[in-house]
Amino acid sequence: MVLAVKLPDNMEIAVKAKNTAITYSVVHAIPGRVRFRIPLLAEDGDYGWRLETLLKSDSRVTEVRINRQAASIVIQYQQCENYNRAFLKQIVRSLQLATTINTITQNTTTSPEVAEAEDAGVKLPAFAVLLALLGLRLPIPQSLIASVVALAAWPVAKRAYNSITKNRKLNIDCLDFMAISLTAAQGNLLTPALVMTLHEIGDMIRDRTARVSEQNASNLLDSLGRYAWVLQPDGQKQQIEATSVQQGDTVIVYPGEQIPVDGQVLRGKALIDQQKLTGESLPVLRQIGETVYASTLVREGEIYIYTEKVGNATRAGASIELVQQAPVHDTRMENYAATIADKAVIPSLLFAGIVLFATQNPARAASILTLDFVTGIRVSLPTTFLAALTHATRHGVLIRSGRALEKLAQVDTLVFDKTGTLTQGNIQVVAVEAVAERISTSRLLELATAAEQRLTHPVAEAVMRYAAEQDIAILPRGEWSYEIGLGVIAQIDGQEVLVGSDRLLSKFNIRLTCLYGEHHCQPEDCTNTLNCPISAHDSLLYIAVNREFAGVIAYTDPLRPESSAILEQLQTEYGMEIHLLTGDSQTKAQMVAEKLGIPLSNVHAEAFPETKAAIIQQLKAEGKTVGYTGDGLNDSAALAYADAAISFGDGSEIARETADVVLMNNNLTSFVDAMAIARQTKTVIGQNMSLAVVPNLAALGLATTIGMHPLAATVIHNGSAIAAGLNGLRPLMHRD
């Protein structure tokens, strides 16, 4: 199949899809937007979901809209004249790729097979309860009821047998089976059926709300790039799968493509977007002899790379491997309840045996075995966690498990990534200043906007957005040239305009004078360094007109509006120790820390992913319970090693997948809500412990001394469990 995409300006793209298992056609295509008709979209909902996920994982895609009834998909992407061709080819590859990949999911739901097995575990005991109740009024054969109870008890008996024969120990299943057997042997079939039903319901809630502890780690490698252009010995360029690249190969990366290997630049230079790997908000210039890394994006330029590391050996691959090697916690929410239960088995059996020997009354022994102190905990804890998790979703917070809630309540040290976490992650213009005696600020912005149009550098895009907000008309651009790492030189309205770094102006021997006119400055202020008030901003874009310095545009990655207030609240109300951990420079990290009131001693800058993970481990080794908040691939290792990992709904897929807590509203305010919910849940659990233990302890005293019918013991036992369960549901009653 050959796909031809007609674009304006005589641009044409032809892509041959090999071994294509799907059919598709282009409805229309213009730069920045393309619509495909794909019959499979109407037939297979999973395909559409996989395709949408795959496309949205590319930072160049701005919007994906699928119409399954019309079997069409509209893809909007960042328009750039120098990578439309390559990017549209990548889109076509994605159409086919989505038929074969298993994309990463958030694992917030249970698979149909597991759900069916869980339901089956509850249905049989519940059916036994129904038969036993009906048997009190209707002439249902006792043998039928007994058979159903026996079938329902079979899994309990099997687990008890395996524990004895394989693990060589008595566990809670042994205790359950003995109590079920003793009460059933006395002809009381309702009690064992009810006990099994309550246990199964508790286990089902527990398993369905627990986080899946093992991820399909191979899918994480998708973030390293799927394809690579490799220079062959005969000089031809061949596109192969990234996993097939060998050490020593020469890989070519074009504008808009992701670098698939670690290596040194052999030829060319490029602006590299490393935010995914290091968290740096601005692209960096890389040229011959310098190192580039897999998973980073070539914004501008074209480079030939000598391959040094591929796959798991790359720096990004090492980050993923760190995630895989992170300790996997048992996420069964009532771990400590099960532990207590297992430890109580032997004393309960001995006590029941003594009572049976002394009284010769099996009912008393069965009552003691029934009053195990743990059923209330086993039933109420999952219910409590489920209610808290549901309550959290009302605040826009996805908490994956009971363990995550428990750890969140214990956190005393919070570590934040900078870019995209405390800051917005998008460059914004904050001020425009012109040399007072040479040009007005509006004219300066007008000329800079004309020069920067259709460039893909984040600063150029920020200037264009700011100009649109100021209703600045975009003037036509005449002859122009762009120098990677320096800036743009363009003819605008008959004037030569230079827009870029101070190095660009230095190259043309343009002297930087004070913005406010020399008669307003001290002589020492008017030097080749711009010692003016505006230099307090993060970064400056310099503009010269006709070889004279004309002014600057100040830009920054602004803080999230809520960052300052939230960090102050976390420190004052919750007593948190706050750290800043970033791959950005020390200067920028300290600047952000000062604005947010973070002690400079708690600032860790220029950190690659493995460094971030090491710092988290170091803080934990100091006895701290550490929460980490980040949103990128570069944060995934740190997230994996933190006690509580927090990310954002619009963060990278790997960060979301690794995180225990996902802020779906992409707002730090909801994190404080999550902390409050976690601590409230901890309090409710303490109450449930008392509700479960105290009534059973009193009943145990009665059963031992004056005796108690097993059904009465069950009522007290299960009544306390129900009371604890209802108490655990209290978070659902909150409307806020």
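The values are calculated or read from the model by the stated rules, or taken from the named source; none is laboratory data. These figures come from a predicted structure and were not determined experimentally. A quick note on method: Cβ atoms are made from the backbone with ideal geometry, for glycine too, and the neighbour counts reach across all protein chains shown.
For this structure, a couple of remarks:
- Qualifying residue in the stretch 424-437 (condition: modelled with pLDDT under 90 and assigned to a helix (DSSP H, G or I)): no
- Failed item in (1) under 40 Å from the mean Cα position of the chain (by Cα); (2) hydroxyl-bearing (Ser, Thr, Tyr); (3) modelled with pLDDT under 90; (4) over 26 Å from His604 (Cβ atoms), with Thr527 passing the rest: (1)
- The numbered conditions (1) part of a helix (DSSP H, G or I); (2) more than 20 Å from Ala678 (Cβ to Cβ) are all true for Glu606 except (1).
- Val415 in the same structural domain as Glu479 (by TED's automatic domain parsing), touching a residue at least 12 places away in the same chain (Cβ under 8 Å) and of a type outside the set (Gly, Ala, Ser): no
- Residue that is modelled with pLDDT of 75 or more and surrounded by 19 or more Cβ atoms within 10 Å (Cβ to Cβ), where the choices are Ala363, Ala387: Ala387
- Filter result for Val661 (buried (at least 23 other Cβ atoms within 10 Å of the Cβ) and modelled with pLDDT of 85 or more): yes
- The C-beta contact set for the stretch 653-672 (first residue over 18 Å from Val411 (Cα atoms), second residue buried (at least 24 other Cβ atoms within 10 Å of the Cβ) and of a type in the set (D, E, K, R), distance under 6 angstrom, 6+ apart or interchain) comprises Ala655/Asp631; Ala655/Asp635.
- Members of the stretch 534-558 that are modelled with pLDDT of 90 or more and acidic (Asp, Glu): Glu548
- Any hit, the stretch 668-679, residues being within 30 Å of Asn634 (Cβ to Cβ) and either modelled with pLDDT under 70 or of a type in the set (S, T, N, Q) (or both): yes
- In the stretch 613-626, the count of residues that are part of a strand (DSSP E or B), under 16 Å from Ser563 (Cβ atoms) and in the same structural domain as Arg403 (by TED's automatic domain parsing) is zero.
- Residue identified as crowded, with 19+ Cβ neighbours inside 10 Å and assigned by TED's automatic domain parsing to the domain that holds Ile510 among Ala589, Ala550: Ala550
- Evaluated against (1) surrounded by 15 or more Cβ atoms within 10 Å (Cβ to Cβ); (2) at pLDDT 60 or above, Asn335 falls short on exactly one condition, (2).
- The stretch 392-413, subset crowded, with 24+ Cβ neighbours inside 10 Å and part of a helix (DSSP H, G or I), residue modelled with the lowest pLDDT: Gly402
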